[in-house]
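Taking it in order: structure first as structure tokens, then the write-up.
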Amino acid sequence: MVEFKIEVVVVPVSDVDRAKDFYTRIGFREDVDFSGPGGFRVVHLTPPGSAASLIIGSGVTDAAPGSERGVHLIVDDVVAARAELAAAGVEVSEVFHDAGGVFHHAGTAERVTGPHPARQSYGSFASFADPDGNTFVLQEVTTRRPGRISHAVYRSADELESALRDAALAHGTYEGELGHPDPDWPAWYAAHMAHAAGLGS
């Protein structure tokens with residue numbers, strides 16, 4: 001089956017420089033800032049740790065500035081993420097969960113203040129808006145549901161090194177149990193690292 005990967009969300013803004021300043025201030029990486037004839041401009045920005053990016057600019061969408069709703073930014077710790085945004089001067093909601101416990105309702109309906117009582121993965125949120133009013137939701141995900149992970153992404157060389165060191169340590173124990181060197185260690189490493197990343201869980 002052909003893969004369909006969400007890679008870019010186009011966000012409508014009225015002032016490109018103001019929006020670019022906002023997104024870079026909260027840690028989004030500037031990948032491209034291209035200007036073309038007739039005022040055409042494309043600014044490509046990527047949230048830290050994300051495989052998907054945002055595009056803002058002039059002449060890139062006919063949607064009304066501020067009309068984007070519900071782009072979710074997944075975080076490991078919604079309380080810490082909220083604190084980072086607030087420290088950067090962003091007006092961000094209190095952390096909340098939904099009264100129904102599954103997914104948040106539209107707007108502020110059914111919001112209950114505070115993280116999910118059991119800190120259930122997928123169940124805690126916070127929201128904020130850019131200068132135009134485009135609204136984003138932070139969603140805390142700590143454990144992926146079965147079938148949701150199809151590949152592992154290491155966000156830095158340090159993170160990959162840590163995963164390799166963990167595998168090397170575990171493999172040393174495995175070889176000790178074997179009583180001889182493991183000639184198929186690459187396959188063992190791959191399986192160990194895939195399991196640690198949640199693949200196939």
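The values are calculated or read from the model by the stated rules, or taken from the named source; none is laboratory data. None of the values given here were measured: they were computed from a predicted structure. With ligands, DNA and RNA removed, areas are computed over all heavy atoms of the protein, side chains included. Shrake-Rupley method; radii C 1.70, N 1.55, O 1.52, S 1.80 Å.
Brief remarks on what is shown
- Our summary gives segment 1-147 a relative contact order of 23 percent, counting only alpha carbon pairs under 8 angstrom and 6 or more residues apart.
- Reducing segment 82-118 and segment 1-52 to their Cα centroids gives an inter-centroid distance of 25 Å.
- Note on the chain: antiparallel DSSP beta bridges, both residues inside, total approximately 70 percent of the bridges counted.
- Going by accessible surface with a 1.4 Å probe and the largest first, 21, 98, 15 read 21, 15, 98.
- Global form of segment 16-82, assessed from the alpha-carbon gyration tensor, a/c cut-off 1.5: prolate
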